[in-house]
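The values are calculated or read from the model by the stated rules, or taken from the named source; none is laboratory data. What you see is a predicted model; the values in this text were computed from it and never measured. Here Cβ is always computed from backbone atoms with ideal geometry, including for glycine, and neighbour counts include all displayed protein chains. SASA here: full protein model, heavy atoms, side chains in, ligands and nucleic acids out. Shrake-Rupley method; radii C 1.70, N 1.55, O 1.52, S 1.80 Å.
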Amino acid sequence: MHRIVPLLAATLIGSTSCQGASTPKPDVASPAPAQATTASAKVCAHDSSWTAPQAPFRIYGNTWHVGPRGLGVFLITAPTGHVLIDGGVPGGAPLIEANIRAIGIDPRDIKWILVSHAHCDHAGDVAQLAATTGAEVVAGTGDVLLLARGGHDDPQYGNRFLYPPVQVTRKVTDGEVLRLGDLALTAHLTPGHTKGNATWGWTSCEGGRCLQLVDIGSLSAPDYTLIGNPNHQDIVTDYGASFTKVAALRCDIALAPHPGMVDFWERVARRDRGEADALIDSTRCRVYAEYAKESFRQELAKQSTFRRKPVPSGGAARGRRDRPQRVLRPQVPAMNVKYFRDTDTALLEFSDAAVDETREISESVYVDLDKNGNLVSMTIEHAAALAHLPHVRVEEIDASAA
Ligand SMILES: [Zn+2]
């Protein structure tokens, strides 16, 4: 007999992850300086959309999208100088600079580079952009040291995701307003994802219609250790306050470091089809905050139930063998299927054995093996196209049916 067990509701977990669910490749131990950026870029940009070219375009008024397809990198222009938010992955600066030039702006007229948070997919090439433009680098106070370390000793990732160190020249506190001529940008600090994670808000106008734009700081906790993490002891409290803060923001157009957080491309497509106000949705910040809060609540509940993950420690770059376990696994043996909707990545977990080796089966499929060569887990990128996930069902066939 065939028993068909729908997995959709119970085990497919839509998650807005910052780094994505892809299996990270090991860091290169002590790379030579000339190779460091290349190696960091490869480890960081495992989602191909993070380096995919995207023609720049006006979002609203003086706010432009100037990043690659898969990352929110924004330029806010003004006669007195411009503001750039985020700098993409290591090696991402040329694409961003070319996009800025393509809209008639000289990158050297950028006065400030604001960092949303100190992870490699947003701060990855800020150092290069700062050198090119001569701009001041602005970040939340809690991220200043992590930026200066180039991602080393991240409270959650250890040394897995590195980037050229960033020297912050102006650190901001919660509610601080930066003014540059007519521009005013407010830093809403939303710690949790990183300690200095920042949500930026500003006003842009078109034809006398002025709207509040918000670049929401990531509120996801991808593979995070939330309980008993000595590297970030207030993490649960921090996240809780940030959910509340983002939900309460005035927010006419929601933007984000990862477009999927706010359905950005779907809205742009609707606008391109003639729906002029498709980007405008005053509920979007609250909706995202509530979604992230619920995801966090579920993860926290799991971590309260199951054994805790090891916490990454600092020190020299760590290889795959001794990296922190990426996911929580229940004590009871079972196959888990997780689907990370924003990165379209599926993670199939088969056992809780320690991972000894990762093999690349194809460009989009990786398997993790234990020291005896047994399968531990499988990562499938572009899962919707390649594996028909998240639409999955399990057929359990017993011997009598044969
Ligand atoms: Zn992040």
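Structural remarks
- Qualifying residue in the stretch 215-231 (condition: in a strand (DSSP E or B) and assigned by TED's automatic domain parsing to the domain that holds Phe296): yes
- Qualifying residue in the stretch 153-160 (condition: away from the ligand (no atom under 15 Å from the Cβ) and open to solvent by less than 10 Å² (accessible area, probe 1.4 Å)): yes
- Boolean, Arg271 is over 29 Å from Val89 (Cβ atoms) and away from the ligand (no atom under 16 Å from the Cβ): no
- The C-beta contact set for the stretch 106-134 (first residue in the same structural domain as Val172 (by TED's automatic domain parsing) and within 12 Å of Ser40 (Cβ to Cβ), second residue more than 16 Å from the ligand (Cβ to nearest atom) and not in a helix (DSSP H, G or I), distance under 6 angstrom, 6+ apart or interchain) comprises Ala127/Pro164.
Yes/no per residue for (1) surrounded by 21 or more Cβ atoms within 10 Å (Cβ to Cβ); (2) more than 15 Å from the ligand (Cβ to nearest atom); (3) of a type in the set (Val, Ile, Thr):
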| residue | (1), (2), (3) |
| --- | --- |
| Lys171 | no, yes, no |
| Arg179 | no, yes, no |
| Pro191 | yes, no, no |
| Gly196 | yes, no, no |
| Thr203 | no, yes, yes |
| Ile227 | no, yes, yes |
| Ser242 | yes, no, no |
| Gly260 | no, no, no |
| Trp265 | no, yes, no |
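- Considering the conditions (1) under 19 Å from Pro222 (Cα atoms); (2) of a type in the set (D, E, K, R); (3) at pLDDT below 75, Glu294 is excluded by exactly one of them, (3).
- Condition met for Val73 (open to solvent by less than 10 Å² (accessible area, probe 1.4 Å), touching a helix residue (DSSP H, G or I) at 6+ places or on another chain (Cβ under 8 Å), within 13 Å of the ligand (Cβ to nearest atom) and not hydroxyl-bearing (Ser, Thr, Tyr)): no
- Within the span defined as the stretch 215-225, every residue fails to be modelled with pLDDT of 95 or more and more than 16 Å from the ligand (Cβ to nearest atom).
- Checked against the criterion of being open to solvent by less than 40 Å² (accessible area, probe 1.4 Å), touching a Ser or Thr at 6+ places or on another chain (Cβ under 6 Å), within 15 Å of the ligand (Cβ to nearest atom) and at pLDDT 95 or above, the stretch 107-116 has no qualifying residue.
- Of all residues in the stretch 117-152, those being on the phi > 0 side of the Ramachandran plot and either open to solvent by 10 Å² or more (accessible area, probe 1.4 Å) or in contact with a strand residue (DSSP E or B) (Cβ under 9 Å, 6 or more places away or on another chain) (or both) number 1.
- Pairs linking a residue in the stretch 63-92 that is of a type in the set (D, E, K, R) to a residue that is assigned to a loop (DSSP other than H, G, I, E, B), with Cβ atoms under 6 Å and 6 or more positions apart or on different chains, are Arg69/Ala52; Arg69/Gln54; Asp86/Val73; Asp86/Ser116.
- Looking across the stretch 268-284, the residues that are closer than 11 Å to Ile59 by Cα and not in a loop (DSSP other than H, G, I, E, B) come down to Val268, Arg271.
- Here Ile96, Ile100 are screened, and the one residue that is among the β-branched types (Val, Ile, Thr), closer than 20 Å to Ser48 by Cβ, in the same structural domain as Glu206 (by TED's automatic domain parsing) and buried (at least 21 other Cβ atoms within 10 Å of the Cβ) is Ile96.
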